[in-house]
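> The following block contains the structure, expressed as structure tokens.
Readers should treat all values here as calculations from the given coordinates under stated rules, not as data from a laboratory. Remember, it's a predicted structure, so these values are computed and weren't measured experimentally. All Cβ positions, glycine included, derive from the backbone under ideal geometry; neighbour counts span all protein chains shown.
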Amino acid sequence: MVESDAPRCAELEAQLFGGDDPWPAEAFHRAIAARDSHYVGARVGGVLVGYAGIARLGRTAPYEFEVHTIGVDPAHQGRGVGRRLLADLLDYSGGGVVYLEVRTDNAPAIALYRDVGFVEMGVRKRYYRNGADAYTMRREAIK
Ligand SMILES: CC(C)(COP(=O)(O)OP(=O)(O)OC[C@H]1O[C@@H](n2cnc3c(N)ncnc32)[C@H](O)[C@@H]1OP(=O)(O)O)[C@@H](O)C(=O)NCCC(=O)NCCS
């Protein structure tokens with residue numbers, strides 16, 4: 001993605017995450033530009049319909065990674081876009097350990113994450129501003 005995608009990311013994010021602390025455009029702008037982050041988008045006819053980002057943690061190898069966000073326009077969900085975006089993030093991790101947080105009641109996302117090797121490690125109570133809990137999930141390093 002490029003920095004000019006930030007407003008569209010924020011628009012999708014507000015639609016998808018409502019009360020769960022959606023990122024504003026400035027946050028996407030910074031994250032897309034950051035040296036240690038990798039952001040990818042899915043486009044249909046030039047319109048951004050999906051976005052995903054991951055950050056590399058630490059200063060020296062072996063690095064760990066944290067999925068920041070992943071979202072697909074509701075009109076385009078259920079067609080493999082989210083799976084492809086996540087696969088791209090995992091490619092960027094190069095088989096390193098990857099963490100993420102997900103609402104404990106977000107069954108579609110949890111199913112996708114489990115399917116690619118993430119496992120729930122614990123619950124972060126009231127992780128979101130609206131009081132919802134999150135699972136922390138971890139994907140082990142792939143040797
Ligand atoms: C989670 C999300 C990114 C998945 O994107 P998507 O493009 O709809 O997903 P895909 O079509 O690639 O499906 C991938 C897998 O996700 C799971 N999945 C997707 N939709 C599902 C649903 N409605 N119910 C259960 N599992 C579902 C399945 O495991 C599916 O694999 P399958 O098709 O082999 O069964 C999308 O639902 C979304 O944007 N949700 C709102 C934002 C969000 O919750 N992001 C994650 C925050 S941590």
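> How much length is gained on full extension from V123 to R30, taking 0.36 nm per residue of separation minus their Cα-Cα distance? Let's see the in-between values first.
Details: separation 93, 0.36 × 93 = 33.48 nm, distance 2.82 nm.
Extending this stretch completely gives an extra 30.7 nm.
> How big, in percent, is the set of alpha carbon pairs in segment 1-46 lying more than 13 Å apart? Mind showing how you got there, number by number?
Values: 563 of 1035 pairs.
Of all Cα-Cα pairs in segment 1-46, 54 percent lie more than 13 Å apart.
> For the chain, what is the mean residue ellipticity at 222 nm derived from helices alone (per DSSP H run of n ≥ 4: -39500 (n - 2.57); sum divided by total residues; nearest 500 deg cm²/dmol)?
Helices in the chain give a 222 nm mean residue ellipticity of -9000 deg cm²/dmol.
> Taking amide H atoms as placed 1.01 Å from N in the peptide plane, list the residues 5 or more away in sequence, or in a different chain, whose amide H sits under 5 Å from that of D36.
Hits under the 5 Å cutoff: none.
> With θ set to phi - 60°, apply the Karplus curve 6.51 cos²θ - 1.76 cosθ + 1.60 along segment 88-98 and write out the HN-Hα couplings as whole Hz, x wherever there is a Gly or Pro.
Taking θ as phi minus 60°, the curve returns 5, 4, 5, 4, 4, 5, x, x, x, 5, 10 Hz for segment 88-98.
> With Cβ to Cβ distances under 15 Å as the rule, what net charge do the other residues near Y99 carry (K, R +1; D, E -1)?
My count for the surroundings of Y99 gives -1.
> OK, next. Simple spin-label model, 7 Å along Cα-to-Cβ: V47 to D21 in nm?
3.1 nm
> Could you list which residues have their amide H under 5 Å from that of Y127, counting only those 5 or more apart in sequence or on another chain, with H placed in the peptide plane?
D133, A134
> Shifting gears a bit: Name the residue farthest towards the positive end of the dipole of the chain from the options G82, Y135, P62, assuming +1 on Cβ of Lys and Arg, -1 on Cβ of Asp and Glu, about the Cα centre.
So the residue we want is P62.
> Right, something else. Quick one: net charge around G131, please, counting Lys, Arg +1 and Asp, Glu -1 for every other residue with C-beta under 13 Å from its C-beta.
Overall, the nearby charge balance is +1.
> Regarding the chain, what is the average projected area of its C-alpha convex hull, in nm²?
That works out to 8.5 nm².
> Treat every Asp and Glu Cβ in the chain as -1 and every Lys and Arg Cβ as +1, leave all other atoms uncharged, and give the resulting dipole magnitude about the Cα centre to the nearest 20 debye. The partial results should precede the final answer.
On the way: 18 positive and 19 negative charges, 56 e Å.
Roughly 280 debye, rounded to the nearest 20.
> Taking every DSSP beta bridge that has both residues in the chain, what percent is antiparallel when rounded to the nearest 5?
So the antiparallel bridges in the chain amount to around 90 percent.
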